[in-house]
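The values are calculated or read from the model by the stated rules, or taken from the named source; none is laboratory data. No experiment lies behind these values; they were computed from the predicted model shown. Because the Cβ atoms are built from the backbone with ideal geometry, glycine has one as well, and the counts that use them run over all protein chains shown. Please note that ligands, DNA and RNA were not included when accessible areas were found on the heavy atoms of the full protein model with its side chains. Shrake-Rupley method; radii C 1.70, N 1.55, O 1.52, S 1.80 Å.
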Amino acid sequence: MTGLYAYVRHPQYTGLAVVGLGSLLLWPRALVTYVAMLLACTTLAWVDEDELQAAYRAARFDRRVQKALDQAGPGRLIVYVVSQKWVLPDLPLEPVQEGDGGRREPATFDRRHYKVLFARPRTHAASPEGRSIV
Amino acid sequence: MKTAYGLDPIVVVKIDALAGTVREVDRPPADLAWGDIPTPLF
């Protein structure tokens, strides 16, 4: 892991924690709220990670996926795990439908169904490593 | 982003995470011209 993610696993939650800490300096009575927010963020992070890792594991160890990855040859992978309901035109997840070219991430979606995209970074380096990719 | 400038999709898998099962395994869509869309990789 390189870059920011080498130090901070959840930058958004960390940002909230830092902002909350700043607010706490101004309003010390908000301590209980701050602690509650920290607990909520930690819980959300655990839940999110569990769900995404479960989706990844189910995909990664499927025989058909293994065969496709073997055919693609050796090399580093970039794996995206997104909700089934999300439409992300910048990822080749499914054919673009008429009038469906925009990005759409509905706030409410079934957290049970995911799409997992296995892709390989296209780089100028013959055998990209770490920083060559990100 | 350093030298990466795009993605070559390999396979798309639809998952039922709760059951831990694979619902569908697809080849990425051929009609999406990947690389035409400038996308930053973070």
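Some observations on this one:
- For the stretch A:1-49: rounded, prolate or oblate by the Cα gyration tensor [a/c cutoff 1.5]: oblate
- Amide hydrogen neighbours beyond the local backbone of residue A:83, cut-off 5 Å, H modeled: A:115
- Here the Karplus relation 6.51 cos²θ - 1.76 cosθ + 1.60, evaluated at θ = phi - 60°, turns the backbone of the stretch A:24-36 into coupling constants of 5, 5, 7, 10, x, 5, 7, 4, 4, 4, 5, 4, 4 Hz, with x for every Gly and Pro.
- Residues with amide H under 5 Å from that of residue A:120, placed H, sequence gap 5 or more: A:78, B:8, B:10
- Buried area at the B:A interface is about 3400 square angstrom, summed over both chains, from accessible surfaces computed with a 1.4 angstrom probe.
- For the stretch A:45-84, the list of trypsin sites (Lys or Arg not before Pro) that fall in a loop by DSSP and count at most 16 other C-beta atoms within 10 angstrom reads A:76.
- Counting only protein chain heavy atoms and rolling a 1.4 Å probe, the accessible areas of B:24, A:51 rank, largest first, as B:24, A:51.
- Three-way shape call for the stretch A:28-102 based on the alpha-carbon gyration tensor, with the a/c threshold at 1.5: oblate
- Across the stretch A:3-8, rounded Karplus estimates of 3J(HN,Hα) from the backbone phi angles (6.51 cos²θ - 1.76 cosθ + 1.60, θ = phi - 60°) give x, 4, 5, 6, 10, 10 Hz, Gly and Pro being marked x.
- Averaged over the residues of A:42-55, the number of partner chain Cβ atoms lying within 10 Å of the residue Cβ comes to 1.
- Taking other residues whose beta carbon is less than 15 angstrom from the beta carbon of residue A:114, and scoring Lys, Arg as +1 and Asp, Glu as -1, yields -3.
- Exposed loop positions in chain A were taken to be chymotrypsin sites (Phe, Trp or Tyr not before Pro) whose DSSP state is not H, G, I, E or B and which have at most 12 other beta-carbon atoms within 10 angstrom. Between these positions, the longest stretch is A:62-134.
- Look at the stretch A:103-112: the mean tally of other chain Cβ atoms within 10 Å of its residues' Cβ atoms is 1.
- Here r is the Cβ-Cβ distance between residue A:40 and residue A:5 and R0 is 22 Å; the resulting FRET efficiency, rounded to 0.05, is 0.50.
- Remark: the Cα gyration tensor places chain A in the prolate category, a/c being 1.5 or greater and a/b exceeding b/c.
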